[in-house]
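Everything on this sheet refers to the single structure shown next.
The values are calculated or read from the model by the stated rules, or taken from the named source; none is laboratory data. Here the structure is a predicted model, which is why all the values come from computation and not from measurement. All Cβ positions, even for glycine, are placed from backbone atoms using ideal geometry, and neighbour counts span all protein chains on display. All accessible areas refer to the heavy atoms of the entire protein, side chains included, with ligands and DNA or RNA removed. Shrake-Rupley method; radii C 1.70, N 1.55, O 1.52, S 1.80 Å.
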Amino acid sequence: RKAIGVIGLALPVVLLIWSSLIADGVMPGSISGFYYTSMRDYFVGTLCALAVFLFSYKYAPRDNFLSSAASLFAIGVAFFPTAAAGEPSTWTGTVHVVCAALFFLVLAVFACFIFTRRPLKGPVARRKLLRNKIYTACGITIFACLGLALVLALLPRDTLPGRLHALFWLESIMVWAFSWSWLIKGGFLLED
C-alpha cells in the first residue's frame, strides 16, 4: 500500500519538474500526453510498477478482484497510448481513455467503499473514523475529477481549460487522492 501511494504521489511531481527544468515549461495537456515526450519510459514504467503492486495486493476476495482489475487497467493505460496532441483519436486512444477512467473508478471504489469498512468486532477507534473521512474525501475527489474530465473532453481543445492544462491538473489531483488513501491505509499516517 505504501509503495502504491509513494509511486502515485511522485508521478505528477516528476513530470512537472521535467516540464519546468528540462522542457522549458512545455507541457502536454495530460499526464498521458507525456507518452510522446522523453518521459515516456518513466510514465510507462510507473504504470507498470503500479500494476505489479496492485496485482500483488492480496487481502479479501473483493479486494483481490478490484486490485487485479485496477492492475489490468493500469497496463491498458500504459500500453495503449492516448492520441498524440492534434491527432485524431484511434482505437488505441479509445482503449486508453476507457482503461484510465476504469482505473480511477476502481481506485475511488477502494477509497470510498473498501478502505472505509468497519472492523467486524469491537469498537471503531477514533483514528479509524478520521481515516474513513479522509478515504471518503479522496474517493469523492476522484469521482468529481472524473466528471470534470468528461466535461473537458466535450470542449474544444483550444479553449481556456485546454490552454491551462486542466486535464493534467485533474489527473494529478486524482493520482494524489488515490495515493494519499493508499498511504494512509498502509499506515504511513494516522495509525491507531
Point to revise | Test for residue 34: is it at pLDDT 95 or above and surrounded by 15 or more Cβ atoms within 10 Å (Cβ to Cβ) | key: no
Point to revise | Failed item, numbered, when residue 86 is tested on (1) part of a helix (DSSP H, G or I); (2) surrounded by fewer than 22 Cβ atoms within 10 Å (Cβ to Cβ); (3) of a type in the set (Gly, Ala, Ser) | key: (1)
Review point. In the stretch 39-83, which residues are more than 28 Å from residue 17 (Cα to Cα) and outside any helix (DSSP H, G or I)?
Key: 57, 58, 59, 60
Check your understanding: Among the residues of the stretch 19-31, which ones are modelled with pLDDT under 90 and either in contact with a Pro (Cβ under 7 Å, 6 or more places away or on another chain) or hydrophobic (A, V, I, L, M, F, W, C) (or both)?
Key -> 21, 22, 23, 26, 27
Exercise for review: Filter the stretch 1-46 down to the residues that are more than 15 Å from the chain's Cα centre (by Cα) and of a type in the set (Val, Ile, Thr), then identify the one that is nearest to residue 187 (Cα to Cα).
Suggested key: 17
Practice item. Look at the stretch 165-175 and say how many of its residues are under 15 Å from residue 140 (Cβ atoms) and surrounded by fewer than 20 Cβ atoms within 10 Å (Cβ to Cβ). Key: 1
Study note, to complete from the structure: Those residues of the stretch 6-27 which are surrounded by fewer than 12 Cβ atoms within 10 Å (Cβ to Cβ) and under 19 Å from residue 84 (Cβ atoms) amount to 26
Revision key, fill the gap. Result of the Cβ filter at 7 Å on the stretch 72-90, keeping first residues that are over 15 Å from residue 101 (Cβ atoms) and at pLDDT 95 or above and partners that are aromatic (Phe, Trp, Tyr) and part of a loop (DSSP other than H, G, I, E, B), at least 6 apart or interchain, is none
Check your understanding: Looking at the stretch 57-71, which of the residues that are buried (at least 17 other Cβ atoms within 10 Å of the Cβ) and within 16 Å of residue 3 (Cβ to Cβ) is modelled with the lowest pLDDT?
Key -> 57
Check your understanding: Has the stretch 94-108 got any residue that is open to solvent by less than 70 Å² (accessible area, probe 1.4 Å) and either modelled with pLDDT under 90 or not in a helix (DSSP H, G or I) (or both)?
Key -> no
Revision key, fill the gap. If you go through 80, 53, the only one that is among the hydrophobic types (A, V, I, L, M, F, W, C) and under 22 Å from residue 176 (Cα atoms) is 53
